[in-house]
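Participant: I am attaching a structure below and will ask some questions about it afterwards.
Only the coordinates and a few stated rules stand behind these numbers; no lab work does. The structure displayed is predicted, hence computed values, not measured ones. Every residue, glycine as well, gets a Cβ built from its backbone with ideal geometry; the counts of neighbours run over all protein chains shown.
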Amino acid sequence: MDGAAFVEQLKAENEALLRKLDADPGSRAADLGPLLKMALKNEMEAAEIAAQWVATTPELDAKLALARHAGDEARHYELLAAQAGALGVDLAGFDPLHPPSPVLEYLRTLETTVERVAAALVTREAMGARRNAQFVKLLEAGGYAALAALYREVINPDEERHHQMGCEVLARLAATPEAQERARRAAARLLEIGDRVRTAVMEKTGAACVPGC
Ligand SMILES: [Fe+2]
Ligand SMILES: [Fe+2]
């Protein structure tokens, strides 16, 4: 199987697991503060790991994709922090990187470009975009129009582009059965850990969906 066919197969495999994120969140009111802090944490962790990898990823197309990714996620953080301030969410003393989430801890263990791109760009960005689409529904139902518009018009188109950039790079790099197996394992592990974190946050906050990145 060539790299392009492999990426299509991986996306289909991911899709089977991502579909459950599409459950309608309903209009149940949720406390926005903890959800916004989780969104900020996700954005900052995505920026942090992508930036860390730029220097240790030799392939130019992957390096550029990660650098763009890092800059975009930093911008998402700033835009969301401004919205949080406008909504009266207190971020004093909030440190988005401590403690690191299990997702960030896992990503930090990845040494090869195929694993990094498969987990962080192809899979995590697809997961984030799907979660955010649900979060937008929650925000609209709650009357948070400006925040919903930020997700719809800026953040989600960026997450979709990150996913696409990852797919293009992975199609070139995942050209051998060994590389494909590494990519598949990293993607599956990312989804498994991401799902565990999401379930824990939903139980803790009572929210019907959680934002991602
Ligand atoms: Fe983001
Ligand atoms: Fe992203």
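Participant: Grab the beta carbon distance between T56 and K20, set R0 = 41 Å, and tell me the FRET efficiency rounded to 0.05.
Facilitator: That gives a FRET efficiency of 0.75.
Participant: Please check which bits of segment 1-44 a label hung off H98 would reach, taking the label as a point 7 Å along Cα-to-C-beta and the cut-off as backbone N under 20 Å.
Facilitator: Label zone hits: 37-44.
Participant: Additional query: Could you give the length gained on full extension between M1 and E105, defined as 0.36 nm per residue of separation minus the Cα-Cα distance, in nm? Could the numbers behind the result be given before it?
Facilitator: Working: separation 104, 0.36 × 104 = 37.44 nm, distance 3.13 nm.
Extra length from M1 to E105 when fully extended: 34.3 nm.
Participant: Rounded, prolate or oblate for segment 100-152? Axes are the square roots of the Cα gyration tensor eigenvalues, ordered a ≥ b ≥ c, and the cut-off for rounded is a/c under 1.5.
Facilitator: The shape class here is prolate.
Participant: Could you work out which residue, out of A62, A141, A51, moves most in a Gaussian network model of the chain, that is, has the largest mean-square fluctuation with Cα springs under 10 Å?
Facilitator: A141
Participant: For segment 57-172, taking Cα atoms only, what is the radius of gyration to one decimal and the Dmax to the nearest whole Å?
Facilitator: Taking only Cα atoms of segment 57-172, I get Rg and Dmax of 15.5, 46 Å.
Participant: Report, in deg cm²/dmol and to the nearest 500, the calculated mean residue ellipticity at 222 nm for the chain, where each DSSP H run with n ≥ 4 adds -39500 (n - 2.57) and the sum is divided by the residue count. Mind dumping the intermediate values first?
Facilitator: Numbers: 9 runs with 147 residues, N = 213.
Here the helix-only value at 222 nm equals -23000 deg cm²/dmol.
Participant: On to the next question. So what's segment 1-49 giving for Rg/Rh, alpha carbon basis, Kirkwood Rh from the mean inverse pair distance?
Facilitator: That ratio is 1.17, to two decimals.
Participant: Would you mind giving the average projected area, over all directions, of the Cα convex hull of segment 1-125 in nm² with one decimal?
Facilitator: Reported value for the Cα convex hull: 9.4 nm².
Participant: If you don't mind, there's one more thing I want to ask. Kirkwood hydrodynamic radius, segment 30-71, all distinct C-alpha pairs: what's the number in Å?
Facilitator: 11.2
Participant: Tilt of helix 60-86 relative to the longest C-alpha principal axis of the chain, in degrees (0 to 90, nearest 10)?
Facilitator: 0
Participant: If you take the Cα atoms of segment 113-213, find Rg, then find the Kirkwood Rh from the mean of 1/r over all pairs, what is Rg/Rh? Walk me through the numbers on the way to the answer.
Facilitator: Values: Rg = 15.3 Å, Rh = 14.4 Å.
Ratio of gyration radius to Kirkwood radius: 1.06.
Participant: Also, I was wondering about something else. Can you compute log10 of I(q)/I(0) for segment 119-175 with the Debye formula, treating each Cα as one identical point scatterer, at q = 0.15 Å⁻¹?
Facilitator: -0.46
Participant: For the chain, how big is the tail of P(r) above 27 Å, as a whole percent of Cα pairs?
Facilitator: 27
Participant: Roughly how tilted is helix 3-18, in degrees to the nearest 10 and between 0 and 90, from the longest Cα axis of the chain?
Facilitator: The angle comes out at about 30 degrees.
Participant: Still on this structure, I have one more. Determine the equivalent ellipsoid of segment 57-119 by diagonalising the alpha-carbon gyration tensor, then write out the semi-axes as square roots of 5 times the eigenvalues, largest first, rounded to whole Å.
Facilitator: After diagonalising the Cα gyration tensor, the semi-axes are 29, 16, 7 Å.
Participant: Go through A46, L35, L110 and say which Cα lies farthest out towards the positive end of the charge dipole of segment 6-117; charges sit on Cβ, +1 for Lys and Arg, -1 for Asp and Glu.
Facilitator: Of A46, L35, L110, it is L35.
Participant: Using only the alpha-carbon atoms, how far is helix 32-54 inclined from the longest principal axis of the chain? Give it as 0 to 90 degrees, nearest 10.
Facilitator: Helix 32-54 and the main axis of the chain meet at about 30 degrees.
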